[in-house]
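Here the structure comes first, spelled out in structure tokens, and everything after it is commentary.
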Amino acid sequence: MRKRKRLSDTETAEKMGTSKTADKINLKISDGKRRCLDIWTAKKIGAAQDGMTRQILDGYTMGKLRETLIYAANRSPFYKRKYSGIMRASCSGFVLADGDGIEKDGNCGFMRPDRSGCISSPVGDADFLRFFQSLPFTTQAELRESGMDFLCVRPGEISRIVTLDTGGSTGTPKRVHFTEEDQQLTVDYFQNGMQLLVSACDTVLILMPVKIPGSIGKLLARGLGGFGAKTVEYGLPQMRPGMAEAEIRREAERLLDLIETEQVTAVVALPTHMRMLAETAVKRKGGFGGEAFQYGICNRFSREAGKPAGSGQEEKPAVLAGCKSSGQSDSYAIGKSVADRLACTDAEAQAYVCGRLKGMEASGNPFFPANHLRLKCVLLSAEYVDEKDVQFIEQVFSCKVYEHYGMTEMGLGCAVSCGHGAGYHVREADLYLEIIDPGTQAPVRDGQLGEIVFTTLTRKGMPFIRYRTGDYSRWITEKCPCGSLLKRLDKVRPRNAVKGYLRER
């Protein structure tokens, strides 16, 4: 097979010939991938690229919360009913201005009456936030029951409706509506967030729904194309738990071949599907001791231990006799093969391999780096991500695994890991997140585990205010090694509520 030359980021920019794209790529090169979301957020909120601070970002958030609350209460039949009386006669003295008041007073309609009942001083951020946190939550049951009443625009302005089946023969599905403007927000987020993982010289396999315009896979492809990355739009794989093993393996083999022939360097997939691919990759090459195993561990050791490759590393080592199982004793034979091809001693290589294999067979997660597939990273999304799956996928494909947290109601994207620290950086320009105690329904202290509640800040078609997700996490208070100002969510626990099943449609 003829190998295609992979261009560097700079070469790609020159080949594309557009100053706009070249500027984006050069910005990423000079600033590094670490701050791409911060740069994008600063631009969205109107701050200088190097001048965004937490104070500026928090001030933007408070302004957007006011705008969203007035917008939804004036335009959405559901929120008009839900907040009827609350905003005009609350204990904090807040009143709701009409739509024109949003632009007139500059405080989005929130004013405090004086003792005579006349409108006087605008409400400060601290008082407004206390009032906002006293508003009743929006629930998933309300979305199922009153879906169309959430709309703030005419039905003809809706360009995409996502239906989420929640299981059961009588269960009413959730339907989430998006305008074209709402979907463009998602594309912009994907375009900037994905640059934490990949660049213009990467080829990304999309194992998400792609059949219908506006589906998550199509939006992701548009975002990736925005900075020049190549995409392979496959769609959801035809494999799921409970299927016959032969059917799963056929589909997985097809995908592994596609990754190789298309020289895919990154995959976006559900954790379930990626785990099945990894399991098939192990079975395909015979597990421990096989040719690809030895070749992969040579490369892995060279990278991680900082040992330069020897002259023979480019040639795949021959299969070692007697290394058919994953027993720890085989690590010494494999280690010697590694040492022959690297500038290190037998003892160094053997210790490395032994450490890699120790306990893996007993746990059922054999180490099998499929380096010949050239994968450098995987993004897992749309399901709860188990840490065991992350470790298994990284070990099998010898790649970095990133995680994305979001749900359809959030606009398909909320937070993504950066690869430099724990947790996920939040899409703060478009979403406001709270973490509450599900029992008392009060906000918890930073660092304390609770339920995630979100409010959309920029959605026009179907905004959500204080929407309970059923997901559990906490704020990570330590600064991320990547240097980002954006807040970080810790690893999200499984949903307490029933999540709609992701389908290809």
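Tabulated results
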read-out: From 213, 271, residue being modelled with pLDDT under 90 and within 28 Å of residue 192 (Cβ to Cβ); value: 213
read-out: Sole residue being assigned to a loop (DSSP other than H, G, I, E, B), touching a Gly at 6+ places or on another chain (Cβ under 6 Å) and either loosely packed, with under 15 Cβ neighbours inside 10 Å or modelled with pLDDT of 95 or more (or both), chosen from 208, 243; value: 208
read-out: Count - residues of the range 123-156 that are over 17 Å from residue 466 (Cα atoms) and buried (at least 16 other Cβ atoms within 10 Å of the Cβ); value: 2
read-out: Residues within the range 469-491 that are basic (Lys, Arg) and surrounded by fewer than 21 Cβ atoms within 10 Å (Cβ to Cβ), tallied; value: 3
read-out: Where residue 401 falls short, out of the listed (1) hydrophobic (A, V, I, L, M, F, W, C); (2) assigned to a loop (DSSP other than H, G, I, E, B); (3) within 23 Å of residue 258 (Cβ to Cβ); value: (2)
read-out: Test result for residue 347, out of contact with any Phe, Trp or Tyr (no Cβ under 8 Å at 6 or more places or on another chain), over 15 Å from residue 267 (Cα atoms), surrounded by fewer than 17 Cβ atoms within 10 Å (Cβ to Cβ) and at pLDDT below 55; value: no
read-out: Any strands (runs of 3 or more DSSP E) falling wholly within the range 108-188 and containing at least 2 residues that are at pLDDT 90 or above; value: 158-164, 174-179
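Here is a yes/no grid of residues against (1) part of a helix (DSSP H, G or I); (2) surrounded by fewer than 22 Cβ atoms within 10 Å (Cβ to Cβ); (3) under 15 Å from the mean Cα position of the chain (by Cα):
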| position | (1), (2), (3) |
| --- | --- |
| 383 | no, yes, yes |
| 393 | yes, no, no |
| 433 | no, yes, no |
| 438 | no, yes, no |
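The values are calculated or read from the model by the stated rules, or taken from the named source; none is laboratory data. Quick caveat, the model's predicted, so the values are computed rather than measured. Glycine also receives a Cβ, built like all others from the backbone with ideal geometry; neighbour counts cover every protein chain displayed.
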